[in-house]
1. Out of Phe122, Phe140, I need the residue that is modelled with pLDDT of 95 or more, out of contact with any Cys (no Cβ under 9 Å at 6 or more places or on another chain), within 24 Å of Ala79 (Cβ to Cβ) and surrounded by 13 or more Cβ atoms within 10 Å (Cβ to Cβ). Which one?
2. Having 3 or more residues that are under 18 Å from Arg157 (Cα atoms) is the bar; report the strands (runs of 3 or more DSSP E) wholly within the stretch 51-117 that clear it.
3. In the stretch 143-160, what residues are surrounded by 21 or more Cβ atoms within 10 Å (Cβ to Cβ) and either farther than 20 Å from Pro103 by Cβ or of a type outside the set (A, V, I, L, M) (or both)?
Amino acid sequence: MVSDGVLGRVAGIVAAGFLLTACGTVGGDSLFGQLPTLPGLGSPPPSETPPRYTAEEIVGRWGVASYHRDLDRTRSEAAARRQCNKAYTISKGPNGGVMMHLPDQTQPVELRIKTAPDGKTFIGPAGEPGGPQDREILSFDGRVMVLRHTDPEAAGRYGTTIYVRCGPTAA
């Protein structure tokens, strides 16, 4: 048999739960002011915008060149095409990203393809789109991909990078 004291405590806990639920709103405000946010119980993080391009579309062998002035793009694209005899390989990463080099790094790392809410697409480490180590995809048609570093210092050193696919497009 359960004692009246235990039943009273259980009823009090249930009533307090109902009171807090009734007083709270979606934004966390209540009649008593802002309710504290408890770890793991807050609203879910905003969902990521699905990327415009997939890793499979970018994986492959590429001729690479760069330019600093838009007037030099055509010449740089031709130079990138000539680099296919020593192509840069972009492979699929173990977690669904792509394996590429970050500026001044000797080893490739897995980068994610991510799209910002404004529709701009970036390749970079995990994190918000447009971060300091990201490269914005300025254009990509399956055969030619043009990337620009978001970091002004890296963009100044490397310019706009143009990748020309060597061989057939990705399946």
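1. The conditions single out Phe140.
2. Ranges flagged: 60-67.
3. Passing the criteria: His149, Thr160.
Residues checked against (1) among the basic types (Lys, Arg); (2) at pLDDT 95 or above; (3) more than 25 Å from Lys114 (Cα to Cα); (4) more than 23 Å from the chain's Cα centre (by Cα):
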{"residue": "Gly63", "(1), (2), (3), (4)": "no, yes, no, yes"}
{"residue": "Arg69", "(1), (2), (3), (4)": "yes, yes, yes, yes"}
{"residue": "Cys84", "(1), (2), (3), (4)": "no, yes, yes, yes"}
{"residue": "Ala87", "(1), (2), (3), (4)": "no, yes, no, yes"}
{"residue": "Gly97", "(1), (2), (3), (4)": "no, yes, no, no"}
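The values are calculated or read from the model by the stated rules, or taken from the named source; none is laboratory data. Keep in mind the model is a prediction, meaning the values are calculated, not measured. Here Cβ is always computed from backbone atoms with ideal geometry, including for glycine, and neighbour counts include all displayed protein chains.
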